[in-house]
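The values are calculated or read from the model by the stated rules, or taken from the named source; none is laboratory data. Predicted model only: the values in this text are computed from it and were never measured. Cβ atoms come from the backbone with ideal geometry, glycine included; neighbour counts cover every protein chain shown. Heavy atoms of the whole protein, side chains included, go into the accessibility calculation; ligands, DNA and RNA do not. Shrake-Rupley method; radii C 1.70, N 1.55, O 1.52, S 1.80 Å.
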Amino acid sequence: MTDLSLRAPLKIAIGGFGTVGRVVARALDAGIPGLELSAVAARDEAKARRNMAGFKTPVPVVPLGRLADLADVVVECAPPELFAEIARPAIERGRLFMPLSVTTLLAHMDMVERAKATGARILIPTGALLGLDAVRAVAEGVVHSVTMTTRKPPKSLRTAKFVVERGIDLDALKEPVKLYEGTVREAAALFPANVNIAVALGLAGIGVDRTRYEIWADPGIERNTHAVKVDSDSTRFEMTIANIPTEENPATGRNTALSVIALLRRLTAPMVVGS
């Protein structure tokens, strides 16, 4: 029988040292059994080194492309335009790869096929959503429909590509406005940095082309709220979650970093709950 306590800790490298990356890194530095922080990467390396002040065990700040050389697991929580710089080396080196820029992954689905050849695995955190385990389960049967509605405070959508390109003044809103209704795939092209969890829902269930999605700017709410309805041959259920936005980035819920930490814990936990 193998003594799990004798196994070497899994080395975790983090690409992106901002709102999410710093929270995950601090949790690893504080101590998670079987895991250790090995490196971080960021566009501003000097700022990343400053942000590491106070860590018990500071780690190297390296270029994005070097993360896979220094880790067993590479966590991507960087701006979407840096996705490939982090993802490609991780896949080629056969690492466990955890992307948060799931919308960007849609444009790089060849990486899934490449992972089959290299032995890499792509593990997508739940992020700010809930119930992906239930969605995965019903997808083993026949799913009739999956719909998701997102409502966000206007400040959470100010920098969205769709809003900026159309010159929409969200600060002037007095009542909720539906910005989009359609498929998740179409939404991913219009809101590349804002609908990661909708893409995750699509990938977990019946796909991004069959999953229906709405996104609203709502001046009457303070939390990023997501409601999901699923109808299948085995069950029908509805789920709603209202995430508290981070102060640094209103578009990102506080639960996003926590979901990454929870998924990392599962990698070495002696017991895992949930399918």
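Select, from GLU36, GLU81, GLU85, GLU92, the only residue that is acidic (Asp, Glu), surrounded by fewer than 19 Cβ atoms within 10 Å (Cβ to Cβ) and modelled with pLDDT under 95.
Values: GLU36 fails: modelled with pLDDT under 95; GLU85 fails: modelled with pLDDT under 95; GLU92 fails: modelled with pLDDT under 95.
Answer to the selection: GLU81.
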> So which pairs qualify, if the first residue must be in segment 126-138 and closer than 16 Å to ALA262 by Cβ, the second must be open to solvent by 20 Å² or more (accessible area, probe 1.4 Å) and in a loop (DSSP other than H, G, I, E, B), the Cβ gap must be under 6 Å, and the two must be at least 6 apart or on different chains?
Replying inline: LEU132/THR126; ASP133/GLY274; ASP133/SER275
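Could you please let me know if LEU203 is assigned to a helix (DSSP H, G or I) and either under 17 Å from the mean Cα position of the chain (by Cα) or at pLDDT 95 or above (or both)?
Values: assigned to a helix (DSSP H, G or I): yes; either under 17 Å from the mean Cα position of the chain (by Cα) or at pLDDT 95 or above (or both): yes.
Considered against the rule, which asks whether it is assigned to a helix (DSSP H, G or I) and either under 17 Å from the mean Cα position of the chain (by Cα) or at pLDDT 95 or above (or both), LEU203 comes out as yes.
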>> Could you go through segment 178-191 and let me know if any residue there is part of a strand (DSSP E or B), of a type in the set (D, E, K, R), surrounded by 15 or more Cβ atoms within 10 Å (Cβ to Cβ) and touching a helix residue (DSSP H, G or I) at 6+ places or on another chain (Cβ under 9 Å).
In response: no
>> Please return the ranges of strands (runs of 3 or more DSSP E) entirely within segment 211-275 where 3 or more residues are open to solvent by 30 Å² or more (accessible area, probe 1.4 Å) and free of Cβ contacts under 8 Å to residues at least 40 places away in the same chain.
In response: 236-243
>> Quick check on segment 66-78: of everything there that is among the hydrophobic types (A, V, I, L, M, F, W, C) and open to solvent by 10 Å² or more (accessible area, probe 1.4 Å), which residue is nearest to GLY127 (Cα to Cα)?
In response: CYS77
>> For segment 139-185, which positions are among the charged types (D, E, K, R) and touching a residue at least 60 places away in the same chain (Cβ under 8 Å)?
In response: ARG151, LYS152, LYS155, ARG185
